[in-house]
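Heads up: the structure comes next, in C-alpha cells.
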Amino acid sequence: MTVFHHTFKIQSGMRPSIQDVTEQVEQALAESRIVDGILVVFSQHTTCSVLIQEASDDLDYWGTDFLMQDLVGVLEKIIPTCRTQGQYLHPGPEHIKAALGRDELPSWSLNTDAHLRSVLLGRSVTIPVEGGKAVLGDFGRIYFADFDQVRERERNVRVQIIGE
Amino acid sequence: MTVFHHTFKIQSGMRPSIQDVTEQVEQALAESRIVDGILVVFSQHTTCSVLIQEASDDLDYWGTDFLMQDLVGVLEKIIPTCRTQGQYLHPGPEHIKAALGRDELPSWSLNTDAHLRSVLLGRSVTIPVEGGKAVLGDFGRIYFADFDQVRERERNVRVQIIGE
Amino acid sequence: MTVFHHTFKIQSGMRPSIQDVTEQVEQALAESRIVDGILVVFSQHTTCSVLIQEASDDLDYWGTDFLMQDLVGVLEKIIPTCRTQGQYLHPGPEHIKAALGRDELPSWSLNTDAHLRSVLLGRSVTIPVEGGKAVLGDFGRIYFADFDQVRERERNVRVQIIGE
C-alpha cells in the first residue's frame, strides 16, 4: 500500500475560471504506479473548488466551456458577485484590519461570493482507481475552479493517491 | 490493507430518480471483509450524484420519497428543467455535432439541468467503515440520483473500499 | 498502513450552528501518528454538514462568523426555514407516525430545511495528509454545521484517517 502526493500549479484570471486538469491528474496517477485505490484532487484555497463534469465542446467568447458558463450563471443567481461592501456581512472591519496587516488591498477581500460558491461546490473530488485508471466514465473530466474575481492568482492543485 | 471494488447497475426513468442503494453497498462491504477503512460510493456519470439522506417514510404519487421530491423542488427553483434550446448556453452547435456522431438524438442533449444539478450535489460520498459497518448513524441511507430527464438510462454505481 | 478513527461530540443550539472543529481534528491526527494519507471528517447526522472555509475574523451579534452567516443567508434564500407543515412535502403523515413511535414531538420533524441544506453542502470533507499535517493552506479551517433549528442537539463528529 502506497501514499502518493503531487502538487501542480495553475494560473487564474479575474473572471471565475474553471480549468480542465484531467491530464495533469492522470500523469500523477501514472507516476504513482498505483493500480487500485482512490484518488483525491483537492483545493487548499478557500475560494476554489474541484469538480467533475463533461467537456461540452463549445466555448464562449471568453474561452469558457458552455456548461461551465451555465454553472457560473446559476451561481450568479444564488450567490451574486460581491461588488460593494455591505452587500454581504463579510468582509467586516476586523477582517480588513487583518488583511492590511498582510499587505493586502482592502478591495481584495470583496471576494465573499467566491468563498460561498466554493463551499457550495466543495473542495475536492474522490475518484476510484481501477486497473491503473481513474474511473471517469466516457465523458468525465476533472476541473479546478477559481471563483475569486478580484485578482489573478497562482493556485495549487493537490493530488493524493492511496492504494497498491 | 485491501482495496475492494464492486459495480452494480440501476435503471432510471424520465423523471429525476433518486434511489436508495444502501443495501447493495452494504452487501459489497460485507463481501470485501474490510473491517476498518473508508468506503466511497461514486457516480461515473456526469448527470448523476450520490448522496446520504434520511428515508422520510412517505412517498408521493410517483413513488418518490417526500424529502427527495422536496430536494428536486429546490433544484427546480435554482436550476430549472431545460425545456428548449437557448435556455442555457449548453448544448451548443459543436456539442450537437459530436452527439450526432455518436448516433444520439439532438434532444438528448437538452439535459443541461441534470449536468448542473449533479455538480451541485457532488459525484460521491465517502463514509467511514468501523467494525465492518458503514457509519451511517440511525437514519442515514445512501441514494443514487439520476437527474437526466430526457431518456431512460442504465447506470453504473461504483463502490470502492479501502482498509483492512 | 493504519486506519485510525476518533469521534468527538459538540453541542448545537436552536439556530443554524457552524462550529470550528479544526483543533479537535488536528489532535486526532497527531494521536494517530499517521504522516502520509488522507483524513475524512464526517457527519453521521442527516441535518449536518462538514465544510472547509476561512475564518473571517468578525462575529455577528449571535457570535456567528460573518462568512458563515452569509452562507446561512444564501441557504435561507434557496431553502427557506421550514416554519409550518405544508411548506414542504416532508414531513408527511407516515413520518410523523414513526416519529411519535420514537417519542419525538411532531414539531421536531419540521426540520426539512436542515435536511435539504445539509445535502447541498455534503456530509464530509476529505483532506490530504502530508508530513503529519492536514493540508489546509494558510487559511482553511474545518467546520461542522448543524442546520437543525427545532431543538438543541449533541452531535457526533467522526474523524477517519488512513495512511502510514
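The values are calculated or read from the model by the stated rules, or taken from the named source; none is laboratory data. Remember, it's a predicted structure, so these values are computed and weren't measured experimentally. Cβ sites come from the backbone with ideal geometry, for glycine too, and all protein chains shown count toward neighbours. Accessible surface areas use protein heavy atoms only, side chains included; no ligands, DNA or RNA. Shrake-Rupley method; radii C 1.70, N 1.55, O 1.52, S 1.80 Å.
Is the protein assembly as shown best put as rounded, prolate or oblate by its Cα gyration tensor, with a ≥ b ≥ c the root eigenvalues, rounded for a/c under 1.5, and otherwise prolate when a/b is larger than b/c, oblate when not? The shape class here is rounded. Placing a label point 7 Å from the Cα of residue C:83 along the Cα-to-Cβ direction, the distances to the matching points in the other copies come to 2.9, 2.9 nm, shortest first. For residue B:60 and residue A:103, a Förster radius of 51 Å and the Cβ-Cβ distance give a FRET efficiency of 0.35, rounded to the nearest 0.05. Using the Karplus relation 6.51 cos²θ - 1.76 cosθ + 1.60 with θ = phi - 60°, the per-residue 3J(HN,Hα) values for segment C:148-154 come to 6, 10, 8, 7, 6, 9, 9 Hz, with x marking Gly and Pro.
The accessible-area ordering, largest first, of the residues C:115, C:6, A:45 stands as C:6, A:45, C:115, per a 1.4 angstrom probe. Considering only C:22, C:125, C:106, the residue lying farthest towards the positive end of the dipole of chain C is C:106, judged by Cα position with unit charges set on Cβ.
Are there residues in segment B:46-61 whose accessible area shrinks by at least 50 Å² when all protein chains are included rather than the chain by itself, and which are they (probe 1.4 Å, ligands and nucleic acids not counted)? By number: B:46, B:52, B:53, B:54, B:57, B:58. Heavy atoms of chains A and B lose about 3000 Å² of accessible surface on contact, summed over both sides with a 1.4 Å probe. Ellipticity at 222 nm from helices only: DSSP H runs of n ≥ 4 in chain B, each -39500 (n - 2.57), divided by the residue count, give -8000 deg cm²/dmol. Take residue B:15, push a point 7 Å out from Cα through the beta-carbon direction, and compare it with the same point in every other copy: 3.9, 3.9 nm, smallest first. Rolled with a 1.4 Å probe across the full set of protein chains, the surface gives residue A:51 an accessible area near 10 Å².
Computed from phi, the 3J(HN,Hα) profile of segment A:14-30 under the Karplus parametrisation 6.51, -1.76, 1.60 (θ = phi - 60°) reads 9, 10, x, 10, 10, 10, 6, 10, 4, 4, 4, 5, 5, 4, 4, 5, 4 Hz, with x in place of Gly and Pro. Considering only protein heavy atoms and a 1.4 Å probe, what is the carbon-and-sulfur percentage of the accessible area of the protein assembly as shown? For the protein assembly as shown, the apolar C and S fraction of the accessible surface comes to 49 percent. Specify whether the C-alpha gyration tensor of segment B:72-131 places it in the rounded, prolate or oblate class, a ≥ b ≥ c being the square roots of the eigenvalues: rounded for a/c under 1.5, otherwise prolate if a/b is larger than b/c and oblate if not. In terms of gyration-tensor shape, oblate.
Averaged over the residues of peptide B:27-33, the number of Cβ atoms from other protein chains lying within 10 Å of each residue's Cβ is 0.
Against the criterion of solvent-accessible heavy-atom surface with a 1.4 angstrom probe, C:141, A:151 sort, most first, into C:141, A:151. Protein heavy-atom accessible surface, 1.4 Å probe, per residue over chain C: 40 Å². Computed with a 1.4 Å probe on the full set of protein chains, the accessible area for residue C:88 sits at about 30 Å². Principal-axis analysis of the Cα atoms of chain C puts helix C:66-78 at an angle of about 40° to the longest axis.
Counting Cβ atoms of other protein chains within 10 Å of each Cβ in A:82-89 and taking the mean gives 3.
Excluding same-chain neighbours fewer than eight residues apart, the lysines reachable from residue B:77 by a Cα-Cα span under 19 Å are A:77, C:77. Taking Cα centroids, how far is segment A:35-54 from segment C:99-164 in Å? Between the Cα centre of segment A:35-54 and that of segment C:99-164, the gap is 20 Å. Heavy-atom accessible area for residue C:97, with the other protein chains in place and a 1.4 Å probe, reaches approximately 130 Å². Here the 3J(HN,Hα) profile of segment B:116-130, calculated from phi with Karplus coefficients 6.51, -1.76 and 1.60 at θ = phi - 60°, is 6, 4, 5, 6, 5, 8, x, 8, 7, 10, 10, 10, x, 10, 9 Hz, Gly and Pro shown as x.
Its relative contact order, with pairs defined as Cα atoms under 8 Å and 6+ residues apart, puts segment C:38-164 at 51 percent. In debye, nearest 20: dipole of the protein assembly as shown around its Cα centre with unit charges on the Cβ of K, R (+) and D, E (-)? Roughly 220 debye, rounded to the nearest 20. Magnitude of the charge dipole for segment C:28-164, about its Cα centre and with charges confined to Cβ atoms of Lys, Arg (+1) and Asp, Glu (-1), is about 540 debye.
Give the shape of chain B as rounded, prolate or oblate, defined through the alpha-carbon gyration tensor: a ≥ b ≥ c are the square roots of its eigenvalues, a/c under 1.5 means rounded, and otherwise the shape is prolate if a/b is larger than b/c and oblate if not. Prolate.
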